[in-house]
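Below is one structure, written out as structure tokens; comments come after it.
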Amino acid sequence: MELTAEIAAMRDGSGDPGRLLGEFRRAALLVPLADGPDGGLMSAVSGGIRWVYAFTDEEALARFAAARGEAEAGREWEYLSVLGARLVDVVVPMADGPAGVAVNVADADGSMFFPPVAGIVPDGSAVDLAGDGEAA
């Protein structure tokens with residue numbers, strides 16, 4: 001099953017968290033590049049967590065652009081194709097503070113958040129573990 005189908009299954013209550021995480025880790029996601037002097041991957045901070053934006057396809061990215069307004073929808077968006085595993089295993093630990101991945105955030109019924117918790121991100125980046133690797 002592909003990632004969007006696993007997200008739909010989780011949202012309707014019939015999904016399996018392990019399958020969802022597996023599909024997320026295997027998925028090639030589109031991650032837009034940020035504008036501005038710092039560049040990098042586009043993200044936002046909410047609730048003290050940096051959320052890296054990722055999309056399952058160009059249509060999902062286009063819906064995100066449209067949701068940001070006419071000027072954003074009309075411009076060309078540069079993005080990288082990155083495996084979900086690479087986002088959580090490499091990018092999240094490089095963030096300055098807690099970070100997770102927000103997939104298809106403009107899709108009210110198709111978005112999914114992968115927070116910085118044990119089992120999703122490396123233990124050293126998980127906010128639910130104490131410094132000794134035990135649950136906080």
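The values are calculated or read from the model by the stated rules, or taken from the named source; none is laboratory data. Predicted model, so just to flag it, every value in this text is computed and none were measured. Note: ideal-geometry Cβ built from the backbone for every residue, glycine included; neighbour counts use all protein chains shown.
Any idea which of VAL88, VAL82, VAL105 is surrounded by 13 or more Cβ atoms within 10 Å (Cβ to Cβ), closer than 15 Å to LEU3 by Cβ, within 11 Å of the chain's Cα centre (by Cα) and touching a residue at least 60 places away in the same chain (Cβ under 8 Å)?
After ruling out the rest, the residue left standing is VAL88.
With the structure loaded, tell me whether LEU33 is on the phi < 0 side of the Ramachandran plot, touching a Gly at 6+ places or on another chain (Cβ under 7 Å) and loosely packed, with under 14 Cβ neighbours inside 10 Å or whether it fails that test.
Yes, satisfied.
What pairs come out if I take residues in segment 19-39 that are farther than 20 Å from PHE114 by Cβ and acidic (Asp, Glu) and pair them with residues that are in a loop (DSSP other than H, G, I, E, B) and modelled with pLDDT of 95 or more whose C-beta lies under 9 Å away, six or more apart or interchain?
Taking only residues 6 or more apart or on different chains, the pairs are ASP35/MET42.
Select from segment 1-18 the residues that are free of Cβ contacts under 8 Å to residues at least 24 places away in the same chain, not in a loop (DSSP other than H, G, I, E, B) and not charged (D, E, K, R) and list them in ascending order.
Result: ALA5, ALA9, PRO17, GLY18.
Determine whether GLY48 is exposed (fewer than 13 other Cβ atoms within 10 Å of the Cβ), among the small types (Gly, Ala, Ser) and more than 27 Å from ASP128 (Cα to Cα).
No.
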